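FYI, it's all coordinate maths here, none of it is from the lab. What you are looking at is a predicted structure, and each value in this text was computed from that prediction instead of being measured. In this analysis, Cβ positions are derived from the backbone assuming ideal geometry, glycine residues included, and neighbour counts consider all displayed protein chains.
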There are 2 protein chains.
Amino acid sequence: MEVFWRKGYAATTPQDLVDALGIGKGSLYNAFGSKRALFEKALCRYRDSQALALIEMLEEKGPVKDRLRKALRFLAETDLADPDRRGCMAVNTAAELAGTDEAAADLVRRMFDRTEGAFRVLVEEGQRAGEIAPGRDAHAIGSLLLNAVVGLRLMARIAEGPDRLSRVIDATVDVL
Amino acid sequence: MEVFWRKGYAATTPQDLVDALGIGKGSLYNAFGSKRALFEKALCRYRDSQALALIEMLEEKGPVKDRLRKALRFLAETDLADPDRRGCMAVNTAAELAGTDEAAADLVRRMFDRTEGAFRVLVEEGQRAGEIAPGRDAHAIGSLLLNAVVGLRLMARIAEGPDRLSRVIDATVDVL
DNA sequence: CGAGTTCTTGACCTATGGGTCCAGAAAGGT
DNA sequence: ACCTTTCTGGACCCATAGGTCAAGAACTCG
């Protein structure tokens, strides 16, 4: 997962995987069948560890906007602190493989669906709590927030400093 | 440009380029030096043709929010109508090459800067026209809009239909 | 403990990636 | 018309991608 995340699918070679795993090439292929199959497992592992972490952050206690701001800041900070600037593996996979690999695209789609759903729930909660105008379409705001996260994590890959990301986060939360 | 845009950098082979250009391999390398150098030229061409088109759309006449909505809709529609679902080449490049290719990352960064600037100008215009609350930080809203476009164009790569993109666009324009 | 099963490994294989080179075709100068 | 220069295509090159395999090591289990 780490290697695919850092280098992307096409740029990762069997040798890279062998080196990172510290096993022989035969074991690698005996255990996983193919590079493609291993990638899929890696993406699933990413989903189960990383992607779910965001959703759990959103379910904590406290004012909705605080939670949201905190979660976005956390993403931006960790992305920027990563020396390899890997961003989000799901986002990277969407960009790299969505035309050619339907299964990978589908995995990413589902991850996005889940995240969008979590945002929607959060928005509805914010509306009940009076933090967010009840006139807004929670579903649409959920999509907006998912979209913002996707944008943020891609921008984090090329951002020179935290400024633009901070502006995006502040503006996104303020505008709700 | 078309080939790199469709397949990404790593997945594009010299053979692909030779086939698409209809020239011999020798001519290819004689003319462009290396795959990498040709990619950079392709990315520059993309910037000069596609990326500038968005900025020009934003400079048309009429109410600011209408222009914005129209431009976003246009992006979403063309992205979805593309049978290859290539999305935005700059976004794809950021996702694929930002850790490993500083020059490419820099090109993308500059494209993003320009687009963000255009959005900022648009927001300021909207504020003068009374369409957008003058209390908002135009710079931050510009960043937010750039971020939304980046997100949209990545989402367009895996979107099943226009629904989610439409929600994002509507919500984005409405919250301003 | 010993036989059978599973794992591991690095040598090996083929096709292709990315690139060079040269012989000849076109183009250009005079 | 001739020579020079540039352009072109494709044969050729080496390293690597992606994967297989057989032989031995390690683990099971009665």
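Of all residues in the stretch A:26-45, which are surrounded by fewer than 16 Cβ atoms within 10 Å (Cβ to Cβ) and within 11 Å of DNA strand C (Cβ to nearest atom)?
Passing the criteria: A:GLY26, A:SER27, A:ASN30, A:ALA31.
Any residue in the stretch A:8-22 that is within 14 Å of another protein chain (Cβ to nearest Cβ) sitting within a Cβ distance under 8 Å of a residue that is within 9 Å of DNA strand C (Cβ to nearest atom)? List the pairs, counting only those 6 or more apart or interchain.
Final answer for the pair search is A:GLY8/B:ALA10; A:ALA10/B:ALA10; A:ALA10/B:ALA11; A:ALA11/B:ALA10.
Tell me which of these A:ARG36 doesn't satisfy, since it passes every other one: (1) more than 8 Å from DNA strand D (Cβ to nearest atom); (2) within 14 Å of another protein chain (Cβ to nearest Cβ).
Every condition holds for A:ARG36 apart from (1).
State the number of residues belonging to the stretch A:1-15 that are within 12 Å of DNA strand D (Cβ to nearest atom), part of a helix (DSSP H, G or I) and loosely packed, with under 15 Cβ neighbours inside 10 Å.
The number of residues fulfilling the criteria is 2.
Given the criterion more than 19 Å from B:MET89 (Cα to Cα) and either among the hydroxyl-bearing types (Ser, Thr, Tyr) or in contact with a helix residue (DSSP H, G or I) (Cβ under 6 Å, 6 or more places away or on another chain) (or both), identify the matching residue among A:LEU75, A:LEU122, A:LEU97.
Within the list A:LEU75, A:LEU122, A:LEU97, the selection yields A:LEU122.
Which condition from (1) over 30 Å from A:ILE141 (Cα atoms); (2) more than 13 Å from DNA strand C (Cβ to nearest atom); (3) among the hydrophobic types (A, V, I, L, M, F, W, C) is the one that A:ILE23 breaks?
Every condition holds for A:ILE23 apart from (2).
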